[in-house]
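The values are calculated or read from the model by the stated rules, or taken from the named source; none is laboratory data. The structure presented is a predicted model; accordingly, all values stated were derived computationally and were not measured. Glycine gets a Cβ as well: all are built from the backbone with ideal geometry, and neighbour counts include every protein chain shown.
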Amino acid sequence: MNASIHFYIRSERPHADNSAQIYMLFTLSSKLKTKLSLRKNIPIKKEFSHLKTDEITKLETHLRNDLFCWDEAKERATKEAPSFDKLNHFIDSEKKRANDIILKYDLMNKPLTLEGFRQLFCKPTGNKSFTEYFFEEFDYRRQNKWSAETIKSYKSIVTKIQLFKPKLTLNDIDHKFLVEYENYMLKPIIDGGCGNCERTVANNMKVLKTLLYIAIKNSDYVLENSPFKNYKVQDTARELTTRDYLEPNELAILEKMYEDYTEAEKPLN
């Protein structure tokens, strides 16, 4: 099997603190490629910490990468990065995990697809606590300029889900869970439920759908497994109300606008 693993940083999309996220590039047969975020960041070198984001993105790729505590040739964090040894150990463990998947399919003489690799590589995250996963995500999003109001709203719903299912993982979210959670919210407080109205239930479900969308975008949840394909969320758009969360389509639009803006700022190398 002609497959390869490489690591790189998204220096063209620095975070608010000027750090760059580490990605893994999985290439199959020299043509098919998929990118997976490791959800770890590489800081910018101290001498360049004064630079603004737009100043960084305007630089050519090789100059931009040199600003960070990252060795592009070795695909590792440099000693200038705090806890560089832990970062490199993490990269090594992720590389071994990826290569073990490739080796397993080689030994079985079975073809490995991009989607198959993504599912196998991302599976461990699906076993992580639902609350732990999204609280870590909110910390990351806070650095990436999410508003405090949005994070507070999302956290309250994650906490609410935790009270219902304390040991819930991403992999546990299926159609049965959605129905049970909906019934729990509608059930009167005296009977151990939340006593929520239908509009509140619908808004909670929309946030949960958005959270799963985020996990899918992070390659930590498989799109085909989403229970919302067969679950209809009540439409509350016509009701006069205010909200401080984004629905999946709105989040996708904002991400697309950001990516288009970034592409427009990219120099021609």
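Just to be sure before I move on: is Thr27 touching a strand residue (DSSP E or B) at 6+ places or on another chain (Cβ under 7 Å) and farther than 25 Å from Tyr133 by Cα in the structure I sent? Taking the combined requirement at face value, the residue satisfies it. When the stretch 21-57 is filtered for residues that are among the aliphatic types (A, V, I, L, M) and more than 24 Å from Asn99 (Cβ to Cβ), the ones remaining, listed by number, are Ile44, Leu51, Ile56. Contact map, the stretch 98-115: first residue loosely packed, with under 13 Cβ neighbours inside 10 Å, second residue assigned to a helix (DSSP H, G or I), Cβ cut-off under 8 Å, separation 6 or more or different chains; pairs are Pro111/Tyr105.
Test Lys160 against the stated conditions and say whether it is modelled with pLDDT of 90 or more and over 18 Å from the mean Cα position of the chain (by Cα). Against the criterion (modelled with pLDDT of 90 or more and over 18 Å from the mean Cα position of the chain (by Cα)), Lys160 qualifies.
The residue pairs whose first member lies in the stretch 77-97 and is free of Cβ contacts under 8 Å to residues at least 12 places away in the same chain, whose second member is part of a helix (DSSP H, G or I), and whose beta carbons are closer than 8 Å, counting only pairs six or more residues apart or on different chains, are Thr78/Phe84.
For the stretch 23-53, a tally of residues being assigned to a loop (DSSP other than H, G, I, E, B) and farther than 22 Å from Asp92 by Cβ returns 8. Just one of (1) of a type outside the set (Gly, Ala, Ser); (2) at pLDDT 90 or above; (3) closer than 20 Å to Ile22 by Cβ fails for Arg141. It is (2).
Answer yes or no: is there a residue in the stretch 187-205 that is under 22 Å from Glu224 (Cβ atoms) and either modelled with pLDDT under 90 or of a type in the set (A, V, I, L, M, F, W, C) (or both). Looking for residues that are under 22 Å from Glu224 (Cβ atoms) and either modelled with pLDDT under 90 or of a type in the set (A, V, I, L, M, F, W, C) (or both), one finds at least one in the stretch 187-205, hence yes. Within the stretch 231-247, is there a residue that is touching a helix residue (DSSP H, G or I) at 6+ places or on another chain (Cβ under 9 Å) and either part of a helix (DSSP H, G or I) or modelled with pLDDT of 90 or more (or both)? For the stretch 231-247, residues touching a helix residue (DSSP H, G or I) at 6+ places or on another chain (Cβ under 9 Å) and either part of a helix (DSSP H, G or I) or modelled with pLDDT of 90 or more (or both): absent. Going residue by residue through the stretch 54-73, is there one that turns out to be part of a helix (DSSP H, G or I), among the hydroxyl-bearing types (Ser, Thr, Tyr) and closer than 20 Å to His6 by Cβ? Yes, because at least one residue in the stretch 54-73 is part of a helix (DSSP H, G or I), among the hydroxyl-bearing types (Ser, Thr, Tyr) and closer than 20 Å to His6 by Cβ.
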